[in-house]
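Quick notes on the structure that follows.
The values are calculated or read from the model by the stated rules, or taken from the named source; none is laboratory data. Predicted model, so just to flag it, every value in this text is computed and none were measured. When we count neighbours, we look across all protein chains shown, and the Cβ atoms used for this are built from the backbone with ideal geometry, even at glycine. Heavy atoms of the whole protein, side chains included, go into the accessibility calculation; ligands, DNA and RNA do not. Shrake-Rupley method; radii C 1.70, N 1.55, O 1.52, S 1.80 Å.
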Amino acid sequence: MTQELLRQIIDYSSRANPYPLYEELRKTPVSHDGSGPYVVSGYYEIRSLLHDPRISSDARNLKSADGDPLADPEQEEEAVLPPAFLRLDPPEHDRLRRMTNRPFGPPHSPHRVHDMRGELGGIVKGLIDGIAESGHLDRIDLVEQFSYPFPVTVICRLLGVPPEDEARFHVWADTLAASLDPDPDAPDPKGRAKKSKDARMELGMYLAGLIEERRKHPTGDMLSELATAQGPDGTMTTMELLSTSALLLIAGHETTVNLITNGMLTLLRHPEVLERLRGDPALAVPIVEELLRYEPPVQLVPQRTALADIEIGGVTIPQGASIWLVLASGNRDPKRFPDPDRFDPDREDVQHLGLGSGIHSCFGAPLARLEAALALSELARRLENPRLLEDPPPYRQNAVLRGPRHLPIACDGIRA
């Protein structure tokens, strides 16, 4: 039953509304069919495992039922870049995350995100102005014209990628994000793996050149600081810096694209909330938190492994077993959230799982929250009578990073 539900969740036909399937999963919060991964779908069980040091993010710890490693040594040797800290365990995870955080956030760089607010507002204004100047308000693709270019522009400026190179990341990001999709029945898996490897190679070569340039001529951006830092944890190796930079560039905008797009889709489905936001931009903050619960951009985490036998929810997960944490299911667990299928920006105590939890909680959460709040409040203020043209819209193939591929809308005008 569990594997059948997982197949349905991964199947593209369920992309527009996987939530009834999650409800079915939660009838057994920790489930296993005797094969495949252990699937955890209850809020309290997921949160417990996210904080459990016996859970590994390193795929090299995954074992078969006979205790043999499942990682492919040949595949590891062919890997273009070493695992980023997102896929490592302590102490290496902690060391690399600390080093990455020094130029990004508190306590060493407490103002970097805050000081970008004016620049972010300018990017949002420019994109909406561009929509107005296009003259095609009868059909706007919010993803192509706003939700994608906004965060990719932000993360490139944060790291120090030249504006003329930003467009190259669209192809790389789409290819690498697609590689996260765990669908075993996807067509041409070898071809998809080759595309992913090629994209990593191209991105790695590009970043290597950029890093070398920043080492010679630092410019004050985050990549320059990472490349030249001499902190208590030492200096990142070139390969560590490549992996970290690639992670920040891809993860730094993929989830935010979905957060903004899912957010606008939800607001258009709840016009009374959209109208409230138009009159009160401060409402964007609780709206974003409720969106992270109600329509999280990361739906599930399929890459966790038990380092020891773990008893949870009346089930023993054996050492070496694969674990899938269905974050979006936990976010709608009625044991944690009253009336969980209702979108309610006035909801109190919204301690969602939308940005993860524990040591792997979303590194870029402050920036993602700020980007989404600015984007949604300004779209609400400036778009006159916005409305959906397709509901549901066409979704991306990916079941992990879930969001519309396009969001066709129309409006009567755009306010100054």
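Quick one: if the Förster radius is 41 Å, what FRET efficiency do Gln351 and Asp391 give, using the C-beta to C-beta distance and rounding to 0.05? The calculated FRET efficiency here is 0.85. Loop-located trypsin sites (Lys or Arg not before Pro) in the stretch 310-343 (DSSP state not H, G, I, E or B) with no more than 14 neighbouring Cβ atoms inside 10 Å: Lys335, Arg342. Using a Gaussian network model of the chain whose springs link C-alpha atoms within less than 10 Å, name the residue from Leu401, Leu325, Leu389 with the highest mean-square fluctuation. With Cα springs under 10 Å in the chain, the top fluctuation among Leu401, Leu325, Leu389 is at Leu389.
A straight chain from Arg168 to Ile359 at 0.36 nm per residue would run longer than the Cα-Cα distance by 65.6 nm. Only DSSP H runs of four or more residues enter the estimate; each adds -39500 (n - 2.57), and after division by the residues of the chain the mean residue ellipticity at 222 nm equals -14500 deg cm²/dmol. Taking other residues whose beta carbon is less than 12 angstrom from the beta carbon of Arg278, and scoring Lys, Arg as +1 and Asp, Glu as -1, yields -1.
Separation of the stretch 161-178 and the stretch 195-223, taken as the distance between their Cα centroids, equals 12 angstrom. Under 5 Å between amide hydrogens, built in the peptide plane, is the criterion, and for Thr316 it picks out nothing among residues at least 5 positions away or on other chains.
Looking at the chain, the accessible area is 44 square angstrom per residue; that uses a 1.4 Å probe and ignores ligands, DNA and RNA. Our summary gives the chain a relative contact order of 27 percent, counting only alpha carbon pairs under 8 angstrom and 6 or more residues apart. Once the GluC sites (Glu not before Pro) in DSSP loops with at most 13 neighbouring Cβ atoms within 10 Å are cut out of the chain, the longest remaining piece is 1-347. Membrane-span-like helices of the chain, defined as complete DSSP H segments with a Cα extent of 18 Å or more along the helix axis and a mean Kyte hydropathy of at least -0.5, are identified as 117-134, 238-269, 365-382. Checked against a 32 Å cut-off, the cross-linked pairs Lys63/Lys197; Lys63/Lys195; Lys63/Lys190; Lys197/Lys335 give Cα-Cα distances beyond that limit for Lys197/Lys335. Close amide-amide hydrogen proximity is noted between Gln303 and Leu325, each under 5 Å apart and 5 or more residues distant or on a separate chain (H modeled in the peptide plane; Pro and chain starts excluded).
Treating r as the C-beta distance of Arg276 and His111 and R0 as 25 Å, the FRET efficiency rounds to 0.20. Here the contact order of the stretch 123-278, divided by its residue count and restricted to Cα pairs under 8 Å and six or more residues apart, works out to 29 percent. Where the alpha-carbon atoms of the stretch 312-416 are placed on the principal axes, they occupy 58, 32, 29 Å, in descending order. Are there any trypsin sites (Lys or Arg not before Pro) in the stretch 102-199 that are in a DSSP loop and have at most 14 other Cβ atoms within 10 Å? List them by number. Filter output for the stretch 102-199: Arg139.
Rounded, prolate or oblate: pick one for the chain, where a ≥ b ≥ c are the square roots of the eigenvalues of its C-alpha gyration tensor, a/c under 1.5 means rounded, and failing that, prolate if a/b is larger than b/c, else oblate. Oblate is the answer for the chain, as a/c is 1.5 or above yet b/c matches or exceeds a/b. Length gained on full extension, Glu212 to Glu384, computed as 0.36 nm times the residue gap minus the Cα-Cα distance: 57.2 nm.
With all protein chains in place and a 1.4 Å probe, the accessible surface of the stretch 233-274 carries 67 percent carbon and sulfur.
Where the centre of each part is set by its Cα atoms, how far does the stretch 97-141 sit from the stretch 263-320, in angstrom? Their Cα centres are 22 Å away from one another.
Once both labels are positioned 7 Å from their Cα atoms along Cα-to-Cβ, the gap between Asp233 and Arg98 label points is 0.7 nm. Using 0.36 nm per residue and subtracting the Cα-Cα separation, the extra length available between Arg60 and Arg7 on full extension is 16.6 nm.
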